[in-house]
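Peer 1: Quick one: the structure is below, questions incoming.
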Amino acid sequence: MVKFGCEPMLFNIWNFQGLDERLGSEWTGRIPGQIAMNIIYYFTKEGNLVVDPMAGGGSTIDACLVMGRKCRAYDIEPSRKEMVENDVTKGYPERAKNADLVFLDPPYWNMVTYSDKSISTKSLEEYYKYVNQLAKNTNETLKSKGIATFIICDLTRDDPFQCLSHECAKIFEKNGFKIIHRVSVPLSTQSANGDEVNKAKQNKKMLGRDRVLYVFQKL
């Protein structure tokens with residue numbers, strides 16, 4: 001990791017000002033690949049199997065390659081040859097079984113509409129059902145004491161505030177996980193456009209950029 005020019009984050013606030021272009025391809029909702037690298041550094045060992053069921057632009061694939069981990073990457077709309085088409089809500093493929101770590105970066109409900117296939121177009125109730133199925137299937141594919149990381153943001157456009165992070169954490173606990181870490185991975189303030197900023201000023205409303213990373217362990 002250090003040889004790659006990426007120092008491990010020493011505190012539980014991982015604030016990256018930009019994307020490392022070596023990690024992942026252009027993709028809607030792409031997160032810094034440095035997040036995946038730090039997760040892999042802290043919660044896996046060399047040779048471990050990392051599974052990303054919502055691989056997007058492939059940041060996790062590239063991070064695993066750098067860090068010497070095996071990777072199985074899936075998506076409902078694969079963007080790279082290393083990915084296999086799969087809908088995680090219907091289960092994980094057999095090759096993902098007994099994973100050491102599952103990296104989960106789902107849509108943050110309606111913050112960004114990715115495609116007609118995405119849960120981001122559904123109601124909040126349906127979103128929580130989606131998270132419940134995701135947690136259940138992830139538990140089944142992890143090895144004993146395996147790790148699942150889950151990234152979520154409470155921002156919900158113009159809707160009344162919904163604490164998605166807290167509700168999703170409770171769902172994972174009900175599906176056989178315990179929380180072992182919680183890390184702040186804030187969004188850049190540059191991700192807010194001018195209209196959002198002006199509207200927030202007019203309405204005396206704070207914009208949400210407090211994205212969090214939960215680290216769960218399978219019981």
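The values are calculated or read from the model by the stated rules, or taken from the named source; none is laboratory data. Note that the coordinates shown come from a computational prediction; the quantities given were computed from them, not determined experimentally. No Cβ is skipped: glycine too gets one built from the backbone with ideal geometry, and neighbour counts run over all protein chains shown. Side chains included, ligands, DNA and RNA excluded: accessible areas come from the protein's heavy atoms. Shrake-Rupley method; radii C 1.70, N 1.55, O 1.52, S 1.80 Å.
Peer 1: Output the residues belonging to the range 26-53 that are within 16 Å of the chain's Cα centre (by Cα), in a loop (DSSP other than H, G, I, E, B) and at pLDDT 95 or above.
Peer 2: Pro53
Peer 1: Does at least one position in the range 121-137 carry a residue that is more than 27 Å from Pro160 (Cα to Cα) and of a type outside the set (Phe, Trp, Tyr)?
Peer 2: Yes, the range 121-137 contains a residue that is more than 27 Å from Pro160 (Cα to Cα) and of a type outside the set (Phe, Trp, Tyr).
Peer 1: Another one. Can you say whether Leu23 is open to solvent by less than 40 Å² (accessible area, probe 1.4 Å) and modelled with pLDDT under 95, as far as the supplied structure shows?
Peer 2: Answer is yes for this residue.
Peer 1: Right, another one. Just wondering, is there one or more residues in the range 15-35 that are touching a Phe, Trp or Tyr at 6+ places or on another chain (Cβ under 7 Å) and of a type in the set (Asp, Glu)? Explain how you work it out, then say what you get.
Peer 2: Step one: of the range 15-35, the residues touching a Phe, Trp or Tyr at 6+ places or on another chain (Cβ under 7 Å) are 28-29, 32, 34-35.
From the residues that got through so far, the ones that are of a type in the set (Asp, Glu) too are none.
Within the range 15-35 (the criterion being touching a Phe, Trp or Tyr at 6+ places or on another chain (Cβ under 7 Å) and of a type in the set (Asp, Glu)), the answer is no, since none of the residues qualifies.
Peer 1: Of the residues in the range 193-214, how many are open to solvent by less than 20 Å² (accessible area, probe 1.4 Å) and touching a Leu at 6+ places or on another chain (Cβ under 8 Å)?
Peer 2: Of the residues in the range 193-214, 2 are open to solvent by less than 20 Å² (accessible area, probe 1.4 Å) and touching a Leu at 6+ places or on another chain (Cβ under 8 Å).
Peer 1: Can you report the number of residues in the range 40-61 which are buried (at least 24 other Cβ atoms within 10 Å of the Cβ) and more than 16 Å from Val84 (Cβ to Cβ)?
Peer 2: 2
Peer 1: Looking at Lys129, Lys90, Lys97, which one is at pLDDT 95 or above, more than 21 Å from Gly33 (Cα to Cα), surrounded by fewer than 19 Cβ atoms within 10 Å (Cβ to Cβ) and touching a helix residue (DSSP H, G or I) at 6+ places or on another chain (Cβ under 6 Å)?
Peer 2: Lys97 is the lone residue from the list that is at pLDDT 95 or above, more than 21 Å from Gly33 (Cα to Cα), surrounded by fewer than 19 Cβ atoms within 10 Å (Cβ to Cβ) and touching a helix residue (DSSP H, G or I) at 6+ places or on another chain (Cβ under 6 Å).
Peer 1: Within the range 55-89, which residues are under 19 Å from Lys143 (Cα atoms) and either touching a residue at least 24 places away in the same chain (Cβ under 8 Å) or of a type in the set (D, E, K, R) (or both)?
Peer 2: Across the range 55-89, the qualifying residues are Cys64, Arg69, Lys70, Arg72, Val88, Thr89.
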